[in-house]
1. Go through region 23-54 and report how many residues are at pLDDT 65 or above and in contact with a Ser or Thr (Cβ under 6 Å, 6 or more places away or on another chain).
2. Could you identify the single residue in LEU90, LEU107, LEU101, LEU81 that is of a type in the set (A, V, I, L, M), farther than 21 Å from SER136 by Cα, at pLDDT below 90 and buried (at least 16 other Cβ atoms within 10 Å of the Cβ)?
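The values are calculated or read from the model by the stated rules, or taken from the named source; none is laboratory data. Remember, it's a predicted structure, so these values are computed and weren't measured experimentally. FYI the Cβ positions are ideal-geometry reconstructions off the backbone, even for glycines, and counts take in every protein chain you see.
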Amino acid sequence: MRAQKLLLLIFTAIITMVLLFVGVITYFRVLNADGMRSPAIFFLGCTGAFSVYFHFKTREFYPFKKFNAPLEELSKKYWALHISFGLILLLLGIYSTVFWLQSTQELSKIIPSIVVMLLGIWTLLDMYVLNKFIVSHKERLERREEIENIKGTTKES
């Protein structure tokens, strides 16, 4: 699991750097047909940067076997930005795959779209598994505290 988290962190960091770089170039060099600049790629890179931060902060939760110490809580905004990055990657991958299937017969051009879609799925699945672990961890700590409280009250009697 730790290797999976490290790979996901690396892939997300690479995609984020590419998106930020392309987003800056697109913003300053390329104009839409309307003459308007499109900062969407840059903002996707920004959500990717928050996703990298999320992966960096949650890497210490792995492996999932440690239940002794309380976990550091991450703000809900980081969870939301991480979910949005995964969903955007998934939707972008699906859209690109459908677009390439309709417009070309070359399968080599569809591979990046499929990779982006799979990375979005992987990101969302990792977040789901991590959330399940955190909920389980909190429940286990609460049960342990309740048991300790019961032991403490029986000793006092």
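1. Kept after step one, since they are at pLDDT 65 or above, are these residues of region 23-54: 23-29, 39-54.
From what is left, the residues that are in contact with a Ser or Thr (Cβ under 6 Å, 6 or more places away or on another chain) are 41, 45, 47-49, 51-52.
Total satisfying the criteria: 7.
2. None of the others qualify; the one that does is LEU81.
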